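Encoded as structure tokens, the structure appears first; notes follow it.
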Amino acid sequence: MQVIISVPGSFHVPMLGGELEERNYLKMIYSTQPNFGSDTSLISNRKISHIHHPHIVEYITHRFPLLTSLIPVNWNDPSRRLKTMLFDRSVSRRLEATEDGIFIGFAGGCLKSLERANELGLTTVVERSSVHIKTQKDILDEEFGKYNQGECPISEQHICREVREYEIADYIVTPSKFAQDSFLNRGFSRYKVKKVPLGTQIPKFSDGKKAQSKRVNFDEDKIYFIYSGQVSLRKGIQYLLPAWDSLDLTEAELIITSAIQDSARPLVQEYQNRKDIHFLGWVDDLYQWFERADVFVFPSMEDGFALVVIEAMASGLPVIVSENTGAKDCIRESVDGITVPAGKIESLAVAIQYMYDNPDERCQMGRNARKQIQSKYTAEDYGSRISSVYRNMI
């Protein structure tokens, strides 16, 4: 088996590629990411092909926005979509017939590559990390309409292109039951749509007292809830902040990492000067923040998996997630964490209050969560699962 991967970015491909390389299954990774592979020594440099010109085109169009108007398609984020299309075409021209070859293309950026791979007789797979694109749009349309944020940022042109990818691929790989069901509910067969949950590395933490931070004055007597992910309507920030606000947690603080998206900015403004809520923006040392925190909370409205959830669990944190978060498959209810209905402020507040009021249960859940990831959801576990699925495809 020889696996070729095309990814416009990186996603979880450093882990996927590394695990395939360990098993001698990896033939090549194509990526637009200039530094792809720099964070792992598991993949041979000769098996990583950086396709630079789409990234350069995207950079130029961002620097000179008027150029975007010359792009002859009505895409959402035209410069990004143009980059993806240029990358896709470049990959399609580089593909070759390969014995027992499998081509893996990431959804939304692999139509031409899939067509070429089919011509060459390769087994073709679309990796879809989220739910079906139409299901995703339905969910986001409702949220954007509810909060008067205009149109959902997924264009019909993009949907048509991605749906065509689903149709012509031999298989679709999704990371969760939530994502898989979104395809089954639209008439796809379980034979075509596979479910393969992701894995993660188990972090090693320092012994003794947790380190301090210049951005948060940590108090050992307080409980710290942490949210990590885009601060956006898709990720449920519009429910997390009101849920937090409805509670009187005098000895607790909420840490929010990652950038604030434009659609969420009006909803976030009234909370940004609160002493009990910390908006940190993007952080490079997320595992260090997990080490300092007590509970991870992630009330997403739509996530095919959300790798950050099992990263938090691997760090020894109990988790609170929504039912629309695919990583809920990895959580044993009231053992590793709590699952709440998506978009329900009161249910989310109840779960937060429970974690606050029950320190012994909270700590035990965190220990359970780490053991759960160690036993079933490591990177090696993922590598074994995905390799087995790929072998069965050919």
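Computed values, structure above
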{"item": "Single match in E167, E151, E156, E143 (criterion: among the charged types (D, E, K, R), closer than 29 Å to S263 by Cα and out of contact with any helix residue (DSSP H, G or I) (no Cβ under 8 Å at 6 or more places or on another chain))", "result": "E156"}
{"item": "Failed condition for M355, given (1) over 24 Å from the mean Cα position of the chain (by Cα); (2) over 19 Å from V321 (Cβ atoms); (3) at pLDDT 95 or above", "result": "(2)"}
{"item": "Region 124-149, residues that are more than 14 Å from the chain's Cα centre (by Cα) and either part of a strand (DSSP E or B) or over 18 Å from D181 (Cα atoms) (or both)", "result": "T124, V125, V126, D141, E142, E143, F144, G145, K146, Y147, N148, Q149"}
{"item": "In region 274-326, the residues that are more than 24 Å from Y147 (Cα to Cα), among the aromatic types (F, W, Y) and more than 17 Å from the chain's Cα centre (by Cα)", "result": "W289, F290"}
{"item": "Candidates R190, R161, filtered to the one that is in contact with a helix residue (DSSP H, G or I) (Cβ under 9 Å, 6 or more places away or on another chain) and outside any helix (DSSP H, G or I)", "result": "R190"}
{"item": "Strands (runs of 3 or more DSSP E) completely within region 210-296 that count 2 or more residues being among the β-branched types (V, I, T) and touching a helix residue (DSSP H, G or I) at 6+ places or on another chain (Cβ under 7 Å)", "result": "223-228, 252-257"}
{"item": "Selection within region 83-100 - touching a strand residue (DSSP E or B) at 6+ places or on another chain (Cβ under 6 Å) and closer than 18 Å to E165 by Cβ", "result": "V91"}
{"item": "Unique match (being of a type in the set (G, A, S), over 30 Å from S387 (Cα atoms) and touching a Phe, Trp or Tyr at 6+ places or on another chain (Cβ under 7 Å)) among G150, G199, G145", "result": "G150"}
{"item": "Residue ranges of strands (runs of 3 or more DSSP E) in region 11-121 with at least 1 members among the hydroxyl-bearing types (S, T, Y) and either farther than 30 Å from E151 by Cα or at pLDDT below 95 (or both)", "result": "26-31, 48-50"}
{"item": "Residue check, Q230 over 25 Å from Y377 (Cβ atoms) and under 26 Å from the mean Cα position of the chain (by Cα)", "result": "no"}
{"item": "Residues within region 265-307 that are of a type in the set (G, A, S), crowded, with 17+ Cβ neighbours inside 10 Å and within 13 Å of G229 (Cα to Cα), tallied", "result": "2"}
{"item": "Lone unmet requirement of (1) among the hydroxyl-bearing types (S, T, Y); (2) over 17 Å from V295 (Cα atoms); (3) crowded, with 19+ Cβ neighbours inside 10 Å for S228", "result": "(2)"}
{"item": "Residue in region 329-341 that is β-branched (V, I, T), assigned to a loop (DSSP other than H, G, I, E, B), surrounded by 18 or more Cβ atoms within 10 Å (Cβ to Cβ) and not assigned by TED's automatic domain parsing to the domain that holds G17 present", "result": "yes"}
{"item": "Residue match in region 317-326 (condition: at positive phi and modelled with pLDDT of 95 or more)", "result": "no"}
{"item": "Conditions (1) within 26 Å of Q238 (Cβ to Cβ); (2) in contact (Cβ under 8 Å) with a residue 24 or more places away in the chain; (3) among the small types (G, A, S): number failed by G316", "result": "(1)"}
{"item": "Residue that is modelled with pLDDT under 95 and surrounded by fewer than 20 Cβ atoms within 10 Å (Cβ to Cβ), where the choices are Q149, Q201", "result": "Q201"}
{"item": "Condition check for Y356: surrounded by 14 or more Cβ atoms within 10 Å (Cβ to Cβ), touching a Ser or Thr at 6+ places or on another chain (Cβ under 9 Å), in contact (Cβ under 8 Å) with a residue 12 or more places away in the chain and among the aromatic types (F, W, Y)", "result": "no"}
{"item": "Pick from region 6-36, criterion over 20 Å from L111 (Cα atoms), under 18 Å from the mean Cα position of the chain (by Cα) and hydrophobic (A, V, I, L, M, F, W, C), ranking: surrounded by the most Cβ atoms within 10 Å (Cβ to Cβ)", "result": "L16"}
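This table checks each residue for (1) among the polar types (S, T, N, Q); (2) farther than 18 Å from L240 by Cα.
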| residue | (1), (2) |
| --- | --- |
| S263 | yes, no |
| L267 | no, no |
| D303 | no, no |
| A314 | no, yes |
| S334 | yes, yes |
| P341 | no, no |
| A349 | no, no |
| Q353 | yes, no |
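The values are calculated or read from the model by the stated rules, or taken from the named source; none is laboratory data. As the structure is a computational prediction, the values presented were derived from the model and not from experiment. Methodologically, a virtual Cβ is constructed for each residue, glycine included, from the backbone with ideal geometry; neighbour enumeration extends over all protein chains shown.
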